[in-house]
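Here the structure comes first, spelled out in C-alpha cells, and everything after it is commentary.
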Amino acid sequence: MNKLPKKICALASYRKNQYDRYREISVDKETFSNSYDEMMVSAKSKLKEMENKGFKVVKIDVDIEELIEWCQHRKVTINPESRTKFTMEKLKGMISSGLINI
C-alpha cells in the first residue's frame, strides 16, 4: 500500500520586537491582535488546530524588513496573500535545502 503524502503547512512566526512594525506596514492591520501576546495566543491555537487536522506545522521566522523587501521586489502590498506567499516560499526553500524533512 502506498503511503499518502504528509500534509505540511507553514505558520509565520513574527518577532516580538517587530510586531508593531508588522502591524504598521500591513494593509489589513485592523484585523490584527492589539498586542504581540494576544497574537501569540491566537497563533498557538491555530497551531494546535492544524496539528489536530494532521498537518506537520513548520514555524517560519519572519523578519519584517525581509518581508518588506520581498514585497517591494514583487511590487505587491503587504497583505494576507503576499504574507502567505512569502512564508510558503521560505518553507519550500527549507524543504529543498534539506532543513525540513517531509
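Couple of notes before you dig in:
- Hey, ILE78 crowded, with 16+ Cβ neighbours inside 10 Å, touching a Ser or Thr at 6+ places or on another chain (Cβ under 6 Å) and closer than 27 Å to LYS6 by Cβ or not: no
- Residue list for region 46-102, filter: closer than 25 Å to ARG21 by Cβ and among the small types (Gly, Ala, Ser): SER82, GLY93
- Selection within region 88-102 - among the aliphatic types (A, V, I, L, M) and not in a loop (DSSP other than H, G, I, E, B): MET88, LEU91, MET94, ILE95
- The residue of region 5-17 that is surrounded by the most Cβ atoms within 10 Å (Cβ to Cβ), among those that are in contact (Cβ under 8 Å) with a residue 60 or more places away in the chain and of a type in the set (Gly, Ala, Ser), is ALA10.
- Residue selected from region 18-67 under the condition part of a helix (DSSP H, G or I) and of a type in the set (Phe, Trp, Tyr), by the criterion surrounded by the fewest Cβ atoms within 10 Å (Cβ to Cβ): TYR36
- Given (1) among the polar types (S, T, N, Q); (2) closer than 23 Å to ILE8 by Cα; (3) at pLDDT 95 or above, index of the condition GLN72 fails: (2)
- Residue in region 1-34 that is nearest to the chain's Cα centre (by Cα), counting only those that are of a type in the set (S, T, N, Q) and modelled with pLDDT of 90 or more: SER13
The values are calculated or read from the model by the stated rules, or taken from the named source; none is laboratory data. Fair warning: this is a prediction, and the values are worked out from it, not measured in the lab. Glycine gets a Cβ as well: all are built from the backbone with ideal geometry, and neighbour counts include every protein chain shown.
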